[in-house]
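Only one structure is covered here, and it is reproduced in the block below.
The values are calculated or read from the model by the stated rules, or taken from the named source; none is laboratory data. Not measured: the values here are computed from a predicted model. In this analysis, Cβ positions are derived from the backbone assuming ideal geometry, glycine residues included, and neighbour counts consider all displayed protein chains.
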Amino acid sequence: MKNKDILILSLMTFFYFITISLAEAVPIFFLIILFLIPCQYIALGVIRDKTPVFVSLLMQGLIVSFVNFEYSIIIFFLGIFSVIMTEMIKKGVSFGKTIAVGALVIFAFFFASLILTGTMDYLNSPEYKEIILEETGKLVGKEIVGISKDELQSAVKLGIETALVLLPTFLIITAFVLSGFNYYLSLSLLRRREPDDIRFKEKFSDFRLPSDFMLGVLLLLIFSQVLRFANIAYYDQFFKNIVTIAEIALMWLGISFLSYLMDKKGVPVIFRVIILVTAMILPFTSIFLPIVGVLEFIFKFRDRDKTNREVL
């Protein structure tokens, strides 16, 4: 390890030690840990080597354990995530596979944390639901906007149950967001150095779903019905999560296709982002995005367009 590497890693360790100390008082700094630690270590690992990066994260975890043991576990997990992402980027693995593997690592960490800490059992406990209902009653009083307290509590109870049912989907989406953010930010940092062995050919508009995606979804839906007829618990939750994930994946494919069309027309990136985010937020446009994704998945308009241009 070179002296320059030691200096850089020491400064990064000091910065994140301060950040974690602040996270003890201001939880928002915890997001900085999740979003900013991996991407910088990934970029440094690609440019230099993964070994000093992992050693630095390990030492950082040991130091942080004196402040907060839970955060030291998170640092160690981020080290594993960073090393995996570093290896995949250095080997030129496609961005889709890289993000998917990174998301799998993050989701596994989230799921294990919920199980090992007992959080999952607590969220499903009647005591937790009673606490939420009591707090809701204190906030709203007896009546709000013509809705009785009992009706509001019923709505809150239904909301809690729905949130718990869709918790796996939320964790998967969060895992993909964190993985994708760190991937793209890492590449942004690497582009400044432009190493010859790193590929930057793929864009968001090149995003594709696996060719057997629909078949996989269909088999999972059939499996959920088998669980239903077998009267196995949680079959309904399994079904709802599969449908939600499939809808989000198709919506993402639809957004990618629209990004491709705008890229083809030469629309600036900033305007593309604004248009796509607006389309996702507005209800009357967001419902069409999964439909666009289905059409693109079936007819593969982008592949046909590229074939026609090659012929011409």
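Restricting the range 90-128 to residues that are outside any helix (DSSP H, G or I) and among the hydroxyl-bearing types (Ser, Thr, Tyr) leaves a set whose member that is farthest from ILE75 (Cα to Cα) is SER125.
Here is a yes/no grid of residues against (1) surrounded by fewer than 16 Cβ atoms within 10 Å (Cβ to Cβ); (2) at pLDDT 80 or above:
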{"residue": "ALA175", "(1), (2)": "no, yes"}
{"residue": "LEU178", "(1), (2)": "no, yes"}
{"residue": "ARG191", "(1), (2)": "yes, no"}
{"residue": "GLU194", "(1), (2)": "yes, no"}
{"residue": "VAL217", "(1), (2)": "no, yes"}
{"residue": "LEU221", "(1), (2)": "yes, yes"}
{"residue": "VAL226", "(1), (2)": "yes, yes"}
{"residue": "ILE232", "(1), (2)": "yes, no"}
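Criterion applied to ILE42, ILE73, ILE33 was being within 28 Å of THR169 (Cβ to Cβ), assigned to a helix (DSSP H, G or I), out of contact with any strand residue (DSSP E or B) (no Cβ under 7 Å at 6 or more places or on another chain) and at pLDDT 80 or above, and the one residue passing it is ILE42. Take THR162 and decide whether it is outside any loop (DSSP other than H, G, I, E, B), more than 22 Å from LYS91 (Cα to Cα), at pLDDT below 85 and among the polar types (S, T, N, Q). Yes.
One line per residue, one yes/no per condition, for (1) exposed (fewer than 12 other Cβ atoms within 10 Å of the Cβ); (2) out of contact with any Gly (no Cβ under 9 Å at 6 or more places or on another chain):
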residue: LEU253; (1), (2): no, no
residue: ARG272; (1), (2): no, yes
residue: LEU289; (1), (2): no, no
residue: ARG304; (1), (2): yes, yes
